[in-house]
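Report on one structure; see the data block that follows.
The values are calculated or read from the model by the stated rules, or taken from the named source; none is laboratory data. Predicted model only: the values in this text are computed from it and were never measured. Don't worry about glycine lacking a Cβ; one is built from the backbone with ideal geometry, like all the others, and counts go over all protein chains shown. For accessibility, only protein heavy atoms count, side chains too; no ligands or nucleic acids. Shrake-Rupley method; radii C 1.70, N 1.55, O 1.52, S 1.80 Å.
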Amino acid sequence: VLNIARGRGIISITENIYGLGLASIIARVAEMGRRVEPSVADVAFYIASFAINEVPPPYFIMPMLRALRPLHDYAPHRYLQLLNYALNILILDHNTVEYILNELNKVLDEYGQSVERHAYHLVHAIEAYAHLLRKHSTYFNDDEVKGMVGRIAHLLNKLGRFKSSLGIIAWTIVLSSALEDEPLRELMAEKLGISVVDRANEGL
């Protein structure tokens, strides 16, 4: 499915949904204790990341994430991408948002060293936390917000080692969230040791 879509240069909605079905079957195989090749899990999550935004009711997101979770050990970096893309959906309930935050934290706790070896994966993680703070901050208490900002600061520090233009993109994502929320801006200035406004001007 992926090779056909790549040959055409675009993946259709039908291919997305069909690919999501295949991904759920593969995840079920993993859940039964059978080994799944990491490359297969990688493709399954890749397609699911695009398909997740084609599912209309937001309350279907949690069952999808739970169904695909058995694959996360085989491709944790792609699992991060899936979680990040799920957060693009504007209307998510408290339980779904909390689940995604917990999964993000678990992946980074368990596979942080693997994720931190690739700039692209770091950006997905940073963007996911920024989405949580920007779109769903009302669901979190002060300690949870501080924890996410701390994670962002750590990930930005790791990303800075790559001297990549992706760093500019990551900073832009983070700063755009901070500029819209004064308490968040002050917290980020404290954790990151920067002037948010000055850094945003540098990025521009």
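Do we have any residue at all in region 149-165 that's without any contact (Cβ under 8 Å) to a residue 40 or more places away in the chain, farther than 22 Å from Asp73 by Cβ and of a type in the set (S, T, N, Q)? Taking every residue of region 149-165 in turn, at least one turns out to be without any contact (Cβ under 8 Å) to a residue 40 or more places away in the chain, farther than 22 Å from Asp73 by Cβ and of a type in the set (S, T, N, Q).
When Arg78 is tested against (1) surrounded by fewer than 17 Cβ atoms within 10 Å (Cβ to Cβ); (2) within 12 Å of the chain's Cα centre (by Cα); (3) more than 16 Å from His131 (Cβ to Cβ); (4) not β-branched (Val, Ile, Thr), only condition (1) is not met. Looking across region 148-176, the residues that are in contact with a Phe, Trp or Tyr (Cβ under 9 Å, 6 or more places away or on another chain) and within 21 Å of Leu92 (Cβ to Cβ) come down to Met148, Val149, Arg151, Ile152, Val174. Taking the numbered list (1) crowded, with 17+ Cβ neighbours inside 10 Å; (2) without any contact (Cβ under 8 Å) to a residue 40 or more places away in the chain; (3) outside any loop (DSSP other than H, G, I, E, B) in turn, Ile168 passes all entries but (1). Checking each residue in region 1-50 for being closer than 12 Å to Leu68 by Cβ, open to solvent by 80 Å² or more (accessible area, probe 1.4 Å) and in contact (Cβ under 8 Å) with a residue 24 or more places away in the chain picks out Arg28, Glu31. Taking every residue in region 94-105 that is farther than 15 Å from Leu68 by Cα and pairing it with any residue that is open to solvent by 70 Å² or more (accessible area, probe 1.4 Å) and hydroxyl-bearing (Ser, Thr, Tyr), at least 6 positions away or on another chain, the pairs with Cβ-Cβ distances below 7 Å are His94/Tyr139; Val97/Tyr139; Glu98/Tyr139. The residues on offer are Leu90, Leu71, and the sole one that is farther than 18 Å from Gly150 by Cβ and open to solvent by less than 10 Å² (accessible area, probe 1.4 Å) is Leu71.
When Glu110 is tested against (1) of a type in the set (D, E, K, R); (2) farther than 20 Å from Glu31 by Cβ; (3) open to solvent by 40 Å² or more (accessible area, probe 1.4 Å), just one condition goes unmet, and that condition is (2).
Among the residues of region 132-146, what is the count of those that are in contact (Cβ under 8 Å) with a residue 24 or more places away in the chain and not in a loop (DSSP other than H, G, I, E, B)? Talk me through it step by step, then tell me what you get.
Kept after step one, since they are in contact (Cβ under 8 Å) with a residue 24 or more places away in the chain, are these residues of region 132-146: 132-137, 139-140, 144-146.
Narrowing the set further to residues that are not in a loop (DSSP other than H, G, I, E, B) leaves 132-135, 137, 139, 144-146.
Summing the residues that are in contact (Cβ under 8 Å) with a residue 24 or more places away in the chain and not in a loop (DSSP other than H, G, I, E, B) in region 132-146 gives 9.
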